[in-house]
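The values are calculated or read from the model by the stated rules, or taken from the named source; none is laboratory data. The model shown is predicted, which means the values in this text are computed figures rather than measured ones. Cβ atoms come from the backbone with ideal geometry, glycine included; neighbour counts cover every protein chain shown.
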Amino acid sequence: MPDAENGRFALSPIAGGVIRLDTRTGAVSTCTDTGTGWACYAMPDERAALDTEIGRLQADNEKLKAELAARDPTVTGKSDERLPKSDALKKAEPKVADGERRIEIPLPSDPDMDRAMSFLEQAWRRLVEMANRMQKDVSGRI
């Protein structure tokens, strides 16, 4: 077993070995008996990876803030007028013919109708094929 070096390491048993915690650095290792002696392998430290990524993102954020501050603060084409409120989920109103109170509903085009008919034909053929297979399976079992 590894030497505890005057309490530097805390050991906890696991299946097939021990987990070793270095109380000075916080590094965690798994130690196993390989038959020729004990071997300890460092476990990946997710916290260190997260801290590294957070540091990188903070540096990028500061760099982008500096670039933004260095830009000209005046934006051309900007107006102080408020935009009208509109409901993005509101459906478009059907067209009303000029001078009449009639609603025009656009009909599907010929290619749209051809696609729909093709889909229905394929679905019908598959349904008939499935019924034929089921009939053969049932008659084969009796």
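Listed residues Val18, Val28; which is among the β-branched types (Val, Ile, Thr), free of Cβ contacts under 8 Å to residues at least 60 places away in the same chain and touching a Cys at 6+ places or on another chain (Cβ under 8 Å)? Result: Val18 is the single residue among Val18, Val28 that is among the β-branched types (Val, Ile, Thr), free of Cβ contacts under 8 Å to residues at least 60 places away in the same chain and touching a Cys at 6+ places or on another chain (Cβ under 8 Å).
A quick yes/no check of all residues on (1) in a helix (DSSP H, G or I); (2) within 27 Å of the chain's Cα centre (by Cα); (3) more than 30 Å from Gly7 (Cα to Cα); (4) basic (Lys, Arg):
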site	(1), (2), (3), (4)
Val18	no, no, no, no
Ser29	no, no, no, no
Tyr41	no, no, no, no
Ala49	yes, yes, no, no
Thr52	yes, yes, no, no
Gly55	yes, yes, yes, no
Asp60	yes, yes, yes, no
Ala69	yes, no, yes, no
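Might you let me know whether the range 57-80 holds any residue that is modelled with pLDDT of 85 or more and of a type in the set (Ser, Thr, Tyr)? No; the residues of the range 57-80 include none that is modelled with pLDDT of 85 or more and of a type in the set (Ser, Thr, Tyr). Scanning the range 11-30 for residues that are of a type in the set (A, V, I, L, M) and loosely packed, with under 13 Cβ neighbours inside 10 Å returns Ile14, Ala15. Counting residues in the range 36-57 that are hydroxyl-bearing (Ser, Thr, Tyr) and surrounded by 12 or more Cβ atoms within 10 Å (Cβ to Cβ) gives zero.
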